[in-house]
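Participant: I'd like to ask some things about the structure below.
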Amino acid sequence: MQLNLREYEGITMDFVAELSTLISQETDLSTDIVKDFLEVPPQPELGDYALPCFKLAKTMRKAPNLIAEELAEKMQPLPDYLTEVRQTGGYLNFFINRSRFIQDEITSILHSEQEPGVSDLGKGQTILVEFSSPNIAKPFHIGHGFTTILGESLARIYDHLGYDTKRLNHLGDYGTQFGKLIVAYDRWGNEEELLREPIDELLRIYVKFHDEAEQEIDEKGVSILEKEAREAFQRLEAGAEHETQLWSRFREVSLIEFNRVYDRLGIKFDNLNGESFYSDQIPAVVEMLKEKNLLEESEGAQVVRLDEFNLPPCIILKSDGTTIYASRDIAAVLYRDKTWNFNRNIYVVGLPQQLHFKQIFAVLKKAGEPCADRCEHVGFGTVKFPDGALSTRSGKVIKLDDLFAEAVKKTRQIIETNATERGDDMSAETIDAIAEKVGLGAILYIFLKNGRERDIVFKWEEVLDFDGDTAPYLQYTYARAKSILRRANEVDATADPSTLELAAIENDTTFQLVRAMADFPEAIQNAASANEPFMIARQINLIARLFNKFYNNDSILNIEDTNLRQSRLCLCRAVCRVLKTGLNLLGIEAVEKM
RNA sequence: GGGUCCAUAGCUCAGCUGGAUAGAGCAACAGCCUUCUAAGCUGUAGGUCGCAGGUUCGAAUCCUGCUGGACUCGCCA
C-alpha cells in the first residue's frame with residue numbers, strides 16, 4: 001500500500017483512492033463507487049473521512065452499524081497511513097496519519113516547480129471564451145463588469161488546467177443602435193465634446209434620442225426618429241460613406257476608453273472581432289440555411305422554425321431585409337469553428353439571453369453543424385440598484401472605472417492610517433500600487449464570491465466593506481504571511497521541508513489548513529466544470545481563515561525550537577503559494593504588504 | 001397564458017448526484033493588541049431550510065401541487 005506523495009496534485013486524491021481500494025477489497029463495491037460514497041464527517045472528533053454504510057444495508061441485508069463494525073474489524077491491521085478506523089452509528093470513520101499527511105503535503109507544495117493545481121487536463125484542447133463584449137459608444141458600466149471579470153477568471157482557470165484558451169471580445173459595434181447614434185449625432189452632436197469626452201457625448205445624444213423619440217410621432221403613432229434610425233442603419237450596412245465614417249469614429253473613440261479598463265485588469269484579448277466583422281458573412285449563412293430548406297417566410301421576416309426543440313422560431317432576416325443579432329451570432333460560430341477548430345466555445349453572457357443562445361445552437365444543430373454541441377452559454381445574473389435595473393437610456397449607470405476609483409481611494413486611506421499606526425513610512429508610489437491592487441481586488445471579488453447566476457444588488461456600503469469574505473481579507477492574509485517570511489532570517493525562511501520534522505506543527509488547525517490546501521486542486525477543477533470561479537474563492541477563503549487562526553494560536557518566529565520554527569515557516573510559504581495562485585485565478589493580484 | 005430560474009439566520013450567500021447536531025460573512029452583543037500587520041482572532045445570540053403533500057430507514061437536497069418573486073416568449077442586443 002504505497003501512497004504517491006511526490007506529486008502535489010493528488011495527494012488527497014491518491015489517499016482517497018488508496019482508501020477506496022482498501023474498502024472495496026472488503027466489500028462487493030467497486031473502487032469508484034466507494035470513492036463516491038466517501039465523505040468528510042461534520043466534526044473532526046468523528047474522523048477525517050467516513051463511509052456511510054446505509055446504502056450497503058440492502059444488498060448485504062444487515063444493519064448499517066453492524067456492517068460498519070464488521071468492516072472496521074476486517075480492516076485490521078491498518079495500513080500505515082491510517083491511525084484508526086472506528087464505527088459510529090451507521091458510519092465507518094477513518095482517522096488518517098496526520099503527521100505524514102502534513103509532511104508530504106507541505107513538502108510537495110514547496111517542492112513543485114508548478115503553481116498549485118496546475119494540470120494538463122485540457123491539453124491539446126482549444127477553448128474559446130467569449131466575454132466582455134461591450135457596446136461601442138456606450139459607457140463601460142458595472143453591468144459589463146460581470147461578464148468581463150467572470151470571463152477573465154474562467155479564461156485563467158482554463159489556462160491553469162492546460163487548455164489552449166482564446167479570449168474573444170465580441171464587440172457590440174453594429175445594429176440599429178448605430179442608426180440611432182448617427183441620426184442623433186447629425187442632429188445634436190457636438191464635435192468638441194466628442195473629442196474631449198467621447199463616451200459621455202455619445203451617451204448624451206443617445207439619451208436625448210430616446211427622449212425625443214417619444215415626442216415626435218407621426219399620424220400612425222410611429223416614432224419618426226426610430227424610423228430614421230432604421231434607415232440610417234440600412235445605409236450603414238450598405239456601406240454609405242457618411243454613415244460608415246461616423247460609425248468608425250464612434251468605434252475608435254470607444255475602444256480607447258475600453259482599453260483603459262482592460263489594461264487595468266490585465267486582460268488581453270486574442271480577438272476583437274465585433275458584430276460588424278461577421279456582417280458580410282451573413283449572406284452565406286442565409287444561403288446555407290436556404291439550401292437546407294430551413295428558412296421560412298413569416299410575417300415578412302425569414303425565420304427558422306424550431307418546434308422540434310420546443311423553442312420559438314429564430315429570426316434570421318428582418319422584414320426589411322437587414323440582419324439581426326441571431327444571424328451574426330450564427331455566422332460567428334461557423335467562422336470560429338473554421339478559424340480555431342475549437343473543442344469548446346463558451347459564451348459569458350447574461351442570463352436574459354439564455355433563450356437567444358438556445359435558439360442559435362438549435363439552428364446550427366438543425367443545419368447539421370457538429371460544432372453546435374460544443375457551444376455553451378455561461379449565463380450570469382443582473383447587476384442592479386436597490387430600486388431597479390441599471391439603464392443606459394436613462395443614464396442611470398456607474399462606470400466600472402469610477403467604481404474602481406472609489407475602491408482604490410478608500411483603500412489608500414486605510415493603508416495610510418495603518419502605515420502611520422505601524423510607523424511604516426511607505427512611499428506614495430508604494431501606497432498607490434498597493435491601493436490599486438487591493439481596491440480592484442475588492443471589486444472583482446464581489447462579482448466572483450457567489451454563484452454566477454445570482455443577481456447582484458449594488459450598494460455602496462457593501463461594495464466598500466473590506467471585512468470578512470472579501471478580497472482584501474485574502475490579500476491581507478497573504479501579506480501577513482509574507483511579512484513574517486521577511487522578518488525571518490535567510491536560513492529559516494528557505495529551509496528545505498524534506499529535511500524537517502514538519503509533524504511538529506500538527507494540531508487541529510494546522511491539519512485542517514493543510515487539508516484545505518490539499519483540496520485546492522480539486523476546487524479548481526470543480527470551478528472549471530461548473531464554470532463557477534466562486535468555488536475557488538470559497539476554498540482560498542477557507543485557507544485564509546484557517547491560516548489566520550493558526551497565526552493567532554501559534555507563535556512562528558519567537559520560538560527556540562529550530563525545527564518547529566522552520567516548519568511553521570514552511571507552512572506560511574505553502575499558504576502563500578496557494579493563496580497567490582487562487583487569487584490570480586480570480587484575476588486578483590496578491591500584495592507583499594498592505 | 002407558455003418557458004426558464006429562484007425562495008435557507010435580521011441582511012448577503014454556501015450546502016442540493018438524499019445521510020451524523022443545516023454552515024460562512026455582514027450587522028448585534030461580550031472579549032483579545034508591552035510578542036510575528038486588529039483589513040485579524042475568540043465567544044454569545046440568531047433557522048418550523050416559502051407552504052402543503054408524497055417517495056425513503058433517512059429530505060434543505062428527489063417528485064407533485066400551491067404561494068411569492070425574477071427573467072424571457074419574432075423583427076433591440
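Participant: To the nearest 10 degrees, how steep is helix A:471-487 against the longest Cα principal axis of chain A, on a 0 to 90 scale?
Facilitator: Roughly 50 degrees, rounded to the nearest 10.
Participant: Charges on Cβ only, +1 for Lys and Arg, -1 for Asp and Glu, centred on the Cα centroid of chain A; of A:Ile136, A:Ala530, A:Leu168, which one is farthest towards the dipole's positive end?
Facilitator: The residue sitting farthest along the positive end of the dipole is A:Ala530.
Participant: In what sequence, highest mean first, do A:254-260, A:189-195, A:174-180 appear when ranked by Cβ atoms within 10 angstrom?
Facilitator: Numbers: A:254-260: 16.3, A:189-195: 12.6, A:174-180: 22.1.
Going from most to least packed, we get A:174-180, A:254-260, A:189-195.
Participant: Still on this structure, please answer the following. Express the Stokes-Einstein translational diffusion coefficient of chain A in µm² s⁻¹, to the nearest whole number, given a Kirkwood radius over alpha-carbon pairs, 10 °C and a viscosity of 1.306 mPa s. The partial results should precede the final answer.
Facilitator: On the way: Rh = 27.5 Å.
For the chosen part, D equals 58 µm²/s.
Participant: While we're looking at this one, here's another question. How long, wide and thick is the stretch A:426-585, going by the Cα atoms along their three principal axes, in whole angstroms, largest first?
Facilitator: 51, 42, 22
Participant: Just want the answer: with Cβ charges of +1 for Lys and Arg and -1 for Asp and Glu, which residue in A:Ile106, A:Leu92, A:Pro44 is farthest toward the dipole's positive end in the stretch A:32-177?
Facilitator: A:Leu92
Participant: Here's a follow-up. So for the stretch A:79-212, Kirkwood radius off the Cα pairs, Stokes-Einstein at 10 °C and 1.306 mPa s: how many µm² s⁻¹?
Facilitator: Working: Rh = 20.4 Å.
D, rounded to a whole number, is 78 µm²/s.
Participant: When a/c reaches 1.5 or more, the comparison of a/b and b/c decides; with that in mind, is the stretch A:60-130 rounded, prolate or oblate per its Cα gyration tensor? Don't skip to the answer; put the middle values down first.
Facilitator: Numbers: a/c = 4.08, a/b = 1.81, b/c = 2.25.
Taking the square roots of the gyration eigenvalues as a ≥ b ≥ c, the stretch A:60-130 is oblate.
Participant: Another question, if that's okay. Sequence-distant or interchain residues sharing an amide H contact under 5 Å with A:Gln87, placed H: which?
Facilitator: Counting only residues 5 or more places away or on other chains, the set is A:Asn93.
Participant: While we're looking at this one, here's another question. What share of Cα pairs, in percent, lie more than 15 angstrom apart in the stretch A:494-582? Can you show the working numbers first?
Facilitator: Numbers: 2311 of 3916 pairs.
Counting pairs separated by more than 15 Å, the tail of P(r) holds 59 percent.
Participant: Helix A:325-340 against the longest principal axis of chain A: what's the angle in degrees, Cα atoms only, rounded to the nearest 10?
Facilitator: Value to nearest ten degrees: 50.
Participant: Convex hull over the Cα atoms of the stretch A:11-96, averaged projected area in nm²? It would help to have the intermediate numbers written out before the result.
Facilitator: Numbers: hull surface 20.0 nm².
Mean orientational projected area (the stretch A:11-96, Cα hull): 5.0 nm².
Participant: Working from Cα positions, state the angle (0 to 90°, nearest 10) between the long axis of helix A:400-422 and the longest principal axis of chain A.
Facilitator: 40
Participant: Which value does Rg/Rh take for the stretch A:289-329 over its C-alpha atoms, Rh per Kirkwood? Show your work: numbers first, answer last.
Facilitator: Working: Rg = 9.9 Å, Rh = 10.4 Å.
Here the Rg-to-Rh quotient is 0.95.
Participant: Tell me the Kirkwood hydrodynamic radius of the stretch A:470-538 in angstroms, computed as one over the mean inverse distance between distinct C-alpha pairs.
Facilitator: On the way: mean 1/r = 0.0685 Å⁻¹.
That comes to 14.6 Å for the stretch A:470-538.
Participant: Here's a follow-up. Helix-only mean residue ellipticity at 222 nm, chain A, DSSP H runs n ≥ 4 weighted -39,500 (n - 2.57), per residue, nearest 500. What is it? Show your work: numbers first, answer last.
Facilitator: Working: 24 runs with 329 residues, N = 594.
So the helix-based figure for chain A works out to -18000 deg cm²/dmol.
Participant: Could you compute Rg(Cα) / (2.2 N^0.38 Å) for the stretch A:257-340, with N its residue count?
Facilitator: Values: Rg = 16.2 Å, N = 84, 2.2 N^0.38 = 11.8 Å.
Normalised by 2.2 N^0.38 Å, the Cα Rg of the stretch A:257-340 equals 1.37.
Read-outs throughout are calculated quantities, based only on the coordinates presented, and are distinct from any laboratory measurement. As the structure is a prediction and not an experimental result, all values here were calculated from the model. Every residue, glycine among them, receives a Cβ derived from its backbone with ideal geometry; neighbour counts consider all protein chains shown.
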